[in-house]
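Enquirer: Attaching a single structure in structure tokens format; questions to follow.
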Amino acid sequence: MTIDLSALTARLKRALMTAPSVRDWSEAALGALLLAAVFAPLGLSTGLLHLEPRPWAVILKCALVVIFVPALGEELPFRALMIPDRSETARALVAIAGSTLLFTAWH
């Protein structure tokens, strides 16, 4: 099995240079709202989640870590590099399954 470095480079570049669309942001916001609507009451009622005021510097640092660590540490290798683009193949199911298995094993 040979690895096509030009295809990997193109995938990586595309992943880093493609900006999310308004629809992408809307879907992410809707997902976040749905998760918050389910998990906030559940977490608050069980005591797993509690509100504790934090300084803005701490909040900003945590937000940056939460945004960038999963994106760069997980999404790039397991999604951007391992799953081919539609222009590369019409059947990416094997790559998606392999990526999912490796991602699961990683966790």
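Since every read-out is calculated from the coordinates, none of them should be taken as a lab result. Remember, it's a predicted structure, so these values are computed and weren't measured experimentally. Cβ placement follows ideal geometry from the backbone for every residue including glycine, while neighbour counts extend to all protein chains displayed.
Enquirer: Between ALA10 and ALA32, what FRET efficiency comes out of the Förster formula 1/(1 + (r/R0)^6) with R0 = 30 Å and r the beta carbon distance, rounded to 0.05?
Expert: Once the sixth-power term is evaluated, E becomes 0.50.
Enquirer: Only helical DSSP H runs with n ≥ 4 go in: add -39500 (n - 2.57) per run for the chain, normalise by residue count and round the 222 nm mean residue ellipticity to 500 deg cm²/dmol.
Expert: -21000 deg cm²/dmol
Enquirer: Could you grab the relative contact order for the chain? Cα pairs under 8 Å, six or more apart, rounded to a whole percent.
Expert: Worked out over the chain, it gives 30 percent.
Enquirer: Using per-residue counts of other Cβ atoms within 10 Å, averaged over each peptide, order 10-22, 50-62 from highest down.
Expert: 10-22, 50-62
Enquirer: Given that just one value was derived from the coordinates, which of (1) 8.1; (2) 9.8; (3) 8.8 is mean projected area of the Cα convex hull in nm²?
Expert: (2)
Enquirer: Nearest 0.05, what FRET efficiency do ILE59 and HIS107 give at R0 = 30 Å with Cβ-Cβ as r?
Expert: 0.70
Enquirer: How much length is gained on full extension from LEU81 to MET17, taking 0.36 nm per residue of separation minus their Cα-Cα distance?
Expert: Gain in length upon complete extension: 21.7 nm.
Enquirer: Looking only at LEU48, LEU64, LEU81, which one moves most when the chain is put into a Gaussian network model with springs between Cα atoms under 10 Å?
Expert: The residue with the greatest mean-square fluctuation here is LEU48.
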